[in-house]
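Following: one structure in C-alpha cells, then a few remarks.
Rule-based calculations on the coordinates, nothing more; no lab input. Every value quoted in this text rests on a predicted model; they were computed, and no experiment measured them. FYI the Cβ positions are ideal-geometry reconstructions off the backbone, even for glycines, and counts take in every protein chain you see.
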Amino acid sequence: MVIWPNGKRIAVMMSFDVDAELMWLQRGDGNADHITNLSKGAYGPKEGIPRLVRILNKHNVKGTFYVPAWVAEQHTEEIRLLVQEGHEIAYHGYYHESEGGRPQKEMEEIMEKSEQVMQKLYGIKMVGHRSPDAAYNDYSIAMYYNRGYFYSSDARDYDKPYFQKINGKEIPFVEFPKESLYDDATYYFVTDSLPVRDNIKPPSFVLENLKADFDALANLGDRCISYIFHPQLSGRPGRAGAIDELLTYMLERGAWVAPAKEVAAYMIAQHGPFL
Ligand SMILES: [Zn+2]
C-alpha cells in the first residue's frame, strides 16, 4: 500500500490529452475534409491550452499533457508554452494511431519517430505513455519499459496505482488506471457528423460527479486519479471554470496534485529493490 508524501490523502494527476485536429482526423468519417471540425480540434491548443495553463499556474500545480508528436509539430508555440511553464509532456502516438493489434515493429517505429520529434523540437525525453485508442498489446509494457518509460495510464482494472509485471515479477513501471468517469469526452463530446453524439452535460454536473468520486477515493487513502481532460473540450471558459473550482476543492482536502512522472518516481522510490 502506497503512503502519499506529507500526509496527503490522494495523488491527483491533472492530465490532458492534446488530440487537437487528430480527434477529428482519426474519426475516419470524412472529417479530413471538414474544415470547421478540424478547427474545433485546433481550439484545444489555440484557446484551451493557454487558459488551462493559467488555471494550473494560479493553483501552483503542474499538469501532464499527452501530446501526439504530429500535434507538437503543428502547434509548436502552444506546446513550447507547456514545456517552458514546467508541465510534463508524455507520449500519445505520432498521429494518434491505434495501438491495439498493431505489430511490435510498427509500434517501435511510431514511438521512435515521436520521441525524436519531441527531442528535436523541445529537448525533452518522454517517460509516460497513454495509448490513443486506450488499448495495448501483450508485448507493450516490456517495450515501453525498455524504451525508458516508467509509467502508463491506460488500464481500468483498479482505482489505485500499481506496478506492472513482466513474467509475474513487478518492475519499476507504474500503471495509473483511468476511467470514463474522468474523461471529459464522456460529458462534453458533441458532433453532428457520424457517429453523432449530442448528449452535452453542464459543467456543474461534471463537477459534482468528480467531487463525489474524489471524496470517496481520498477516504480510502492509497488511491490516485488520472484525469482525461481534452483542451478542446475542457478549455471552454465555463468548463475551465469547473476545473478551477475542482482544483480548489481537491487542494483544500489533502490532494497531492503532481505530474504523473513525479508520482511514478515517488512510488518507485518507496517500493525498495525490485527483485
Ligand atoms: Zn487522445
I'd like the FRET efficiency for residue 33 and residue 171, computed as 1/(1 + (r/R0)^6) with the beta carbon distance as r and R0 of 41 Å, rounded to 0.05. 0.35
By how many nm would the segment from residue 215 to residue 57 grow when fully extended, if each residue of separation counts as 0.36 nm and the alpha-carbon distance is taken off? 54.5 nm
Convex hull volume per residue in cubic angstrom - Cα atoms of region 102-223: 165 Å³
Among the listed pairs 62/169; 40/165; 46/105; 105/178, which are separated by more than 29 Å between their Cα atoms? 62/169; 40/165; 46/105
Need one number: % antiparallel among DSSP beta bridges in the chain, to the nearest 5. 20 percent
antiparallel share of DSSP beta bridges within region 1-138, to nearest 5, in %, is 0 percent
Under 17 Å from a point placed 7 Å out from the Cα of residue 205 along the Cα-to-Cβ direction: which residues of region 176-191 have their backbone N that close? 180-191
For a footprinting-style exposure proxy, rank 153, 140 by other Cβ within 10 Å, fewest first. 140, 153
Any idea how far apart residue 3 and residue 121 come out in nm if each label point goes 7 Å out from Cα toward Cβ? 4.3 nm
